[in-house]
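Remarks on the structure that follows.
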Amino acid sequence: MSRSKTKAPVITLAPEQEREALHTLKRFLEDRFELELGSFEVAEVLELFSKEIAPHYYNRAIADVQLHLKERFESIESDLWALEKP
């Protein structure tokens, strides 16, 4: 399986998910760091995460699924070999 060297796409959320993420991030920054940012600033922080950090988690999830599928296919292949008649 070949891997493309193009940059991973920006991960986007459904509008309701984005609103919830913005609310959660705003609340976290206020509670944890006493930073009261406006909606525009919080949206910029979320955009930074979406562009620069989320792709790393996405790629890790893809790699984990690839490993799981590889192991599963090997198990299926082994099961098929066991069914083979002499």
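None of the figures in this text is laboratory data; all of them are computed from the coordinates on show. Quick caveat: nothing in here was measured; it's all calculated off a predicted structure. Neighbour counts are summed over all protein chains in view; Cβ atoms, including those assigned to glycine, are modelled from backbone coordinates with ideal geometry.
Under the criterion of Cα pairs below 8 Å and six or more residues apart, the relative contact order for the chain equals 30 percent. In plain terms, the chain from E36 to L67 could stretch by 6.9 nm, reckoned as 0.36 nm per residue minus the Cα-Cα distance.
Each Lys and Arg adds +1 at its Cβ and each Asp and Glu adds -1 at its Cβ; summed about the Cα centre, the chain shows a dipole of about 440 debye. In order along the range 65-74, phi translates into HN-Hα couplings of 5, 4, 5, 4, 5, 4, 4, 5, 5, 5 Hz, rounded to whole numbers, per the Karplus curve 6.51 cos²θ - 1.76 cosθ + 1.60 with θ = phi - 60° and x for Gly and Pro.
Computed from backbone phi, the HN-Hα couplings of the range 20-26 come to 5, 4, 4, 4, 4, 5, 4 Hz, rounded to whole numbers (Karplus: 6.51 cos²θ - 1.76 cosθ + 1.60, θ = phi - 60°; Gly and Pro given as x).
Loop-resident GluC sites (Glu not before Pro) (DSSP state other than H, G, I, E or B) in the range 34-65 with no more than 13 further Cβ atoms inside 10 Å of their Cβ: E34, E36. Over the chain, dividing the summed -39,500 (n - 2.57) contributions of all DSSP H runs of at least 4 residues by the number of residues returns a 222 nm mean residue ellipticity of -23500 deg cm²/dmol.
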